[in-house]
Amino acid sequence: MVTDAHKDWSEYLPLALWAYRTTRHGTTEVTPFSLVYGVEAVLPTEIEVPTTKMLLDEAKDREAELQELEEKREVVGSKMEEYHRRLALAYDKHVQPKVFLEGDLVLKSVDTVMRKMSLPKWAPKWEGPYIVSEVHPNGHCILLDPDHGTTTGPMNFKYVKKYYA
């Protein structure tokens, strides 16, 4: 479809959007087009040669279609909530919260890693050990550098890991 130069992608965008909007989604079990407009999309070929489905749809009362659309949107909303609940449960199964106690030995991430900057290939990504001096319930702790006797600022648990000597 798109050439090697990748400059003609805009020609294919309407086709890709049409395909996306007229395809049933696994979570909602309906097409995005039908959720917005209340009816299924009419293919360009169906305009020239009307199908049985089109003839039956014309006979439907528009008021009933709008009522049906509201019901469909409510059903889709509940399906989306259920989907997100199941997704959260699946994620939570594998997540284990980090627990640190005062006095634990830990390593902290190097500052360049925390700032999402690149490091040389063999540079250490962790420094320490540090001693946990305070633990706060909202997911951060204060560390004490035993060599210099200084404390760090609040460190998010995602930048700290246990040190096993």
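Miscellaneous remarks
- Of all residues making up segment 127-165, the number that are acidic (Asp, Glu) and in contact with a Cys (Cβ under 7 Å, 6 or more places away or on another chain): 1
- Some residue of segment 1-19 being surrounded by 10 or more Cβ atoms within 10 Å (Cβ to Cβ) and at pLDDT below 80: yes
- Lone qualifier among Glu127, Glu102, Glu81 - being under 30 Å from Arg24 (Cα atoms) and free of Cβ contacts under 8 Å to residues at least 60 places away in the same chain: Glu81
- Residue match in segment 81-88 (condition: within 30 Å of Met155 (Cβ to Cβ), in the same structural domain as Leu17 (by TED's automatic domain parsing) and out of contact with any Lys or Arg (no Cβ under 7 Å at 6 or more places or on another chain)): yes
- Entry remark, segment 109-128: residues being modelled with pLDDT under 80 and of a type in the set (A, V, I, L, M) number 2 in total.
- In segment 110-121, the residues that are without any contact (Cβ under 8 Å) to a residue 12 or more places away in the chain reach residues that are part of a loop (DSSP other than H, G, I, E, B) and surrounded by 10 or more Cβ atoms within 10 Å (Cβ to Cβ) with C-beta atoms within less than 9 angstrom, at least six apart or across chains, in these pairs: Thr112/Leu119; Thr112/Ala123; Thr112/Lys125; Leu119/Val110; Leu119/Lys125.
- Every residue from segment 120-158 that is of a type in the set (Phe, Trp, Tyr) and crowded, with 17+ Cβ neighbours inside 10 Å: Tyr130, Phe157
The values are calculated or read from the model by the stated rules, or taken from the named source; none is laboratory data. In this text the structure is predicted, and so the values were computed from the model without any measurement. With ideal geometry, Cβ positions are generated from the backbone for all residues, glycine too; neighbour counts draw on all protein chains shown.
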